[in-house]
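Single-structure report; data block below.
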Amino acid sequence: MPEGPVIYSASLLMPVSGPAIRDGAVLVNEGRISAVGAVSDLEHDVPDAEIRHFSGHTIIPGAVNAHAHLGFRREDAPEGGAFSDWLGTLIQRLPEKVNWTAKAAENSAREAIEAGTTFMAESSPYGECLPQLAQSGMAGTVYAEFFPGDYDGAGPEEISASIIETVRGLREGLPDRVDCQVSVHSPYTVDPESSRLAARRSREIGWRLAMHLSESPEEVEFVQTGTGELANIFGSNDWGGAGLSPVRYAESIELLAPGTIAAHLATEVSEEDIEVLARTGVAAAHCPRSNEYLNCGVSPVPRMMERDVRVGMGTDGLWSSPSMNLFEETLFAVNLHGFDGAAGLELATIGGARALGIGDQTGSLEVGKWADLALVYAVPSDVDPELEMLESATGGGVAATVAGGRLIYNRAGS
Ligand SMILES: [Zn+2]
């Protein structure tokens, strides 16, 4: 049954794509925004619309999480410090993790929604968290990671064909705004030829691609020289030692393209690497809290943005990050890089959408886009209103979340 028009209104509306509107509102028809303006105008123009008014609140675009893992639990996160130790613990605990991954994914998704997230780009082994994302009410993409070691000695042709088939199967019967794509997990877990073929086939079909890239000092060492802790953990992975930076290596095996999002880019990303990122058109997902927890360095995001590399924010998962709150992640980045609030709010919303190639669908409050909104219980002053919004959304201020016009969280009672 088609739903009638709904007006979401609040004391302030910050569309991100334009100036803030006092007593602003969006008109929603069939999940999409059909007008943005003063609530009095919208009410006048569409008198039969259902009105949901949030007094004392501000409407902002929902957060777009450009890189996350849903299937981890906060309470038993491995110790931080060194990436390779953390990864070693993770691998040891994979057998027990199977028992609670689904519940963890449900909880992580819930936490993200309660923090105003409306689009979630998730990566999990063989897309294992897809059911929980699909049921969450958020829109999103699950990037299915594959590990050639699981394929019983099959070659790159068979492995890449198999993961493509797996993803094809997973894409069937999903809600409208949820889909599945391939992730080439990392330069140290997927061999160059399987990486190249999976990426190439994904592009041929018109799918997008995700990967972890230049995340840790250990990865840089493995790719450069084939030595170090990652070579020890993955003793059978003998393709390291390419003599290149991870970014140059990823370019050499054809992973970098406008449809690819590379997560982290935290360790030793040089000016030359940034040049490669800009030239290939690849997008970046910035996860600064995870990078700090695992001692991975600071991604040169301001330099990347100067070169027009598309950047979105990612929380990563609860084993390397304190929360699934993307606004909180963004506030951390704002403080780390000295951004102002406007740059931060853009990164959290339209920046992530552009990085994921869906900037025409979500990320700002504009006519024609999906009605993806967060309602934050605060009305900022005029000094740096966007920064105040990030602070309020970080401090538990999200009172309601609307994805595709549907309230998927509402503790405001409006
Ligand atoms: Zn990750």
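The values are calculated or read from the model by the stated rules, or taken from the named source; none is laboratory data. Because the structure is a prediction, the values reported are computed rather than measured. Heads up, the Cβs are rebuilt from the backbone with ideal geometry, glycines too, and the neighbour counts pull from every protein chain shown. The accessibility values were calculated without ligands, DNA or RNA, using every heavy atom of the protein model including side chains. Shrake-Rupley method; radii C 1.70, N 1.55, O 1.52, S 1.80 Å.
Taking amide H as placed 1.01 Å from N in the peptide plane, residue 311 has its amide H under 5 Å from the amide H of 284, each at least 5 places away in sequence or on another chain. Excluding ligands, DNA and RNA, the accessible surface per residue across the range 269-308 is 41 Å² with a 1.4 Å probe. Note on the chain: with charges restricted to the Cβ of Lys and Arg (+1) and Asp and Glu (-1), its dipole about the Cα centre is near 620 debye. Return one number: the angle in degrees, 0 to 90 and rounded to the nearest 10, between the long axis of the Cα atoms of helix 326-337 and the longest principal axis of the Cα atoms of the chain. That helix lies at roughly 70 degrees to the long axis.
Considering every alpha-carbon pair of the range 183-264, the percent of pairs per 10 Å bin, from zero through the bin containing the longest distance, is 20, 54, 22, 3. Looking at the range 57-161, the GluC sites (Glu not before Pro) that sit in a DSSP loop and have at most 14 other Cβ atoms within 10 Å of their own Cβ are 79.
For the range 199-244, the solvent-accessible area works out to 43 Å² per residue, with a probe of 1.4 Å and every protein chain left in place.
What does the helix-only formula give at 222 nm for the chain: each DSSP H stretch with n ≥ 4 adding -39500 (n - 2.57), the total divided by the residues, and the result rounded to the nearest 500 deg cm²/dmol? Before the final figure, lay out the partial values.
Details: 17 runs with 146 residues, N = 414.
Dividing the helical sum by the residues of the chain leaves -10000 deg cm²/dmol.
State the percentage of accessible surface on the range 291-414 attributable to carbon and sulfur atoms; use a 1.4 Å probe and exclude ligands, DNA and RNA. Please report the intermediate quantities before stating the final value.
Details: 2100 of 4380 Å².
Summing carbon and sulfur atoms, their accessible area is 48 percent of the total for the range 291-414.
Helix 271-280 axis versus longest C-alpha principal axis of the chain: approximately 70°, rounded to the nearest ten. Distant-in-sequence amide contacts of residue 70, defined by a placed amide H-H separation under 5 Å and a gap of 5 or more residues or a different chain, comprise 123. Result for the chain in a Gaussian network model with C-alpha springs under 10 Å: among 60, 233, 164, the largest mean-square fluctuation is at 233.
For the range 1-116, the Kirkwood hydrodynamic radius from C-alpha pairs, put into Stokes-Einstein at 25 °C and a viscosity of 0.890 mPa s, yields a diffusion coefficient of 140 µm² per second.
For the range 184-214, state which trypsin sites (Lys or Arg not before Pro) are in a DSSP loop and have at most 11 other beta carbons lying within 10 Å of their beta carbon. It would help to have the intermediate numbers written out before the result.
Values: sites: 196, 200, 201, 203, 208; in loops: 208.
Counting only loop positions with at most 11 other Cβ atoms within 10 Å, none of the trypsin sites (Lys or Arg not before Pro) in the range 184-214 qualifies.
In loop segments of the range 330-405 as defined by DSSP, there are no chymotrypsin sites (Phe, Trp or Tyr not before Pro) with at most 10 further C-beta atoms inside 10 Å of their C-beta. Residues whose amide H lies under 5 Å from that of residue 181, counting only those 5 or more places away or on a different chain, are 142, 143, 144; hydrogens are built 1.01 Å from N in the peptide plane.
In Å², and per residue, what accessible area does the range 117-162 have when probed at 1.4 Å with the other protein chains present?
Values: 1520 Å² over 46 residues.
Here the per-residue accessible area is 33 Å².
The simple spin-label model puts a point 7 Å past each Cα toward its Cβ; for residue 278 and residue 100 those points are separated by 4.6 nm.
If you model the range 187-343 as an ellipsoid using its alpha carbon gyration tensor, with each semi-axis the square root of five times an eigenvalue, the axes come out at 25, 19, 15 Å, biggest first.
Antiparallel DSSP bridges in the chain: what percent, to the nearest 5?
Roughly 40 percent of the beta bridges in the chain run antiparallel, per DSSP.
Along the axis of the charge dipole computed for the chain (Cβ charges of +1 for Lys and Arg, -1 for Asp and Glu, origin at the Cα centre), the listed residues 190, 236, 276 are led at the positive end by 190. For the range 34-76, the carbon plus sulfur part of the accessible surface works out to 48%, probe radius 1.4 Å. In whole percent, how big is the carbon plus sulfur part of the accessible area of the range 106-244, probe 1.4 Å, protein atoms only? C and S fraction of accessible area: 45 percent. If you wrap the tightest convex hull around every Cα atom of the range 239-287 and split its volume per residue, you get 80 Å³. For the range 22-36, the Karplus equation 6.51 cos²θ - 1.76 cosθ + 1.60, evaluated at θ = phi - 60°, returns couplings of 5, 6, x, 7, 10, 9, 10, 10, 6, x, 10, 7, 10, 7, 9 Hz by residue, with Gly and Pro reported as x.
Semi-axis lengths, largest first, of the ellipsoid equivalent to the chain are 37, 22, 19 Å, with √(5λ) applied to each eigenvalue of the Cα gyration tensor.
One way to sum up the overall shape of the range 275-410 is the equivalent ellipsoid from its Cα gyration tensor, whose semi-axes run 24, 19, 15 Å, largest first.
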